[in-house]
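**Student:** Dropping a structure here in structure tokens format, bear with me for questions.
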Amino acid sequence: MRTRNGQAAVDFRAMDVDGQMHKLSDYRGRRVLLSFFRDPSCPFCNLRLFQIAQRHADWKKAGLVVLAFFKADPNDVIRYVARHPRPFVIVPDPNGNLYEAYGIERSWVGVVRAMMLRMPAMARGLRLYGSTPHMAMLSGQLPADFLLDETGHVIRAYYGRDISDHIPLAEIEAVLEYACSQPITPVGRRFGRIQEGGPA
């Protein structure tokens with residue numbers, strides 16, 4: 001079942017790739033981005049991680065905590081993702097327990113859609129990290145993002161329609177600009193009305 005805007009986010013305890021335990025409720029009082037990725041060899045995922053890393057310093061100044069999840073074995077996450085320095089938390093979820101708790105979806109149509117329409121992004125992801133995707137990259141697992149307020153409630157639940165589809169960066173920054181007195185530099189395309197779910 002999908003997580004909806006306005007709901008309290010499901011609390012959890014999870015260990016990151018460095019062996020540190022994280023409990024969602026420990027971040028009360030701060031805004032949090034929960035970003036659910038697919039396979040760690042996925043070039044779309046690695047491109048998105050690169051984009052987040054570029055903006056993370058500004059986001060951190062604005063009080064945002066980023067937790068990135070992969071439905072994969074910890075060794076694969078380390079091999080493909082954690083070998084590159086990341087300024088945010090990366091959590092393997094090999095059994096998919098958190099993916100189930102947050103209602104993350106699967107769709108083969110989403111795989112085909114991205115392969116047909118997002119080839120430039122895929123090529124850029126491959127160029128950035130030079131990793132060869134393995135067959136798990138073709139699974140129907142879709143991404144999703146959840147932006148939480150200081151009380152742990154969902155401001156924005158975004159379910160990707162294809163394997164490259166994440167919440168627009170400009171929407172994240174719109175929320176941060178509204179919440180803090182010092183505006184951060186806008187990145188990405190202009191945002192429109194914020195709605196639940198993915199793009200129409």
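Rule-based calculations on the coordinates, nothing more; no lab input. All values reported here derive from a predicted model rather than from experimental measurement. Positions of Cβ are backbone-derived with ideal geometry, glycine not excepted, and every protein chain shown enters the neighbour counts.
**Student:** Between residue 91 and residues 5 or more places away or on another chain, which pairs have amide H atoms under 5 Å apart, with H built 1.01 Å from N, and which residues are they?
**Tutor:** Amide H neighbours of residue 91, under 5 Å, 5+ apart: 68, 69, 70.
**Student:** Another question, if that's okay. Residue 65's amide H: which non-local residues (gap 5+, or another chain) put their own amide H closer than 5 Å, with H modeled 1.01 Å from N in plane and none for Pro or chain starts?
**Tutor:** Amide H to amide H, under 5 Å and 5 or more residues apart or across chains, residue 65 pairs with 31, 32, 33.
**Student:** Moving to a separate point now. Along Cα→Cβ, 7 Å out, is where each label goes; now give me the distance between the ones at residue 79 and residue 18 in nm to one decimal.
**Tutor:** Going by the 7 Å Cα→Cβ label model, 2.4 nm.
**Student:** Whole-Hz Karplus ³J(HN,Hα) for the stretch 16-24, in order, using 6.51 cos²θ - 1.76 cosθ + 1.60 and θ = phi - 60°, x for Gly and Pro?
**Tutor:** Each residue's phi maps through the Karplus curve to give 7, 5, 9, x, 8, 8, 10, 10, 4 Hz.
**Student:** Let me ask something else about it. Nearest 5 is fine: what % of DSSP beta bridges in the stretch 1-69 come out antiparallel, could you say?
**Tutor:** For the stretch 1-69, the DSSP antiparallel bridge percentage is about 35.
**Student:** Whole-Hz ³J(HN,Hα) for each residue in the stretch 54-60, computed from phi via Karplus 6.51 cos²θ - 1.76 cosθ + 1.60 with θ = phi - 60°, x for glycine and proline: what do you get?
**Tutor:** 4, 9, 4, 4, 5, 4, 5
**Student:** Please list, ordered by chain and number, the residues whose modelled amide H lies under 5 Å from the amide H of residue 9; skip anything fewer than 5 residues away on the same chain.
**Tutor:** 153, 154
**Student:** Ranking request for peptides 146-154, 160-168: highest mean number of other beta-carbon atoms within 10 Å first, then the rest in descending order.
**Tutor:** Going by the mean number of other Cβ atoms within 10 Å, highest first, we get 160-168, 146-154.
**Student:** Along the Cα→Cβ direction, 7 angstrom out, place labels at residue 101 and residue 10. What is the inter-label distance in nm?
**Tutor:** 0.7
**Student:** Beta carbons within 10 angstrom, averaged per residue: use that to sort the peptides 27-39, 52-64, 4-16, highest first.
**Tutor:** Top to bottom by mean Cβ count within 10 Å: 27-39, 52-64, 4-16.
**Student:** Go through the stretch 31-47 residue by residue and turn each phi into a ³J(HN,Hα) via Karplus (6.51, -1.76, 1.60, θ = phi - 60°); whole Hz please, and just put x for glycine and proline.
**Tutor:** Using θ = phi - 60°, the values come out as 7, 9, 10, 9, 10, 9, 9, 9, 8, x, 8, 5, x, 4, 5, 5, 5 Hz.
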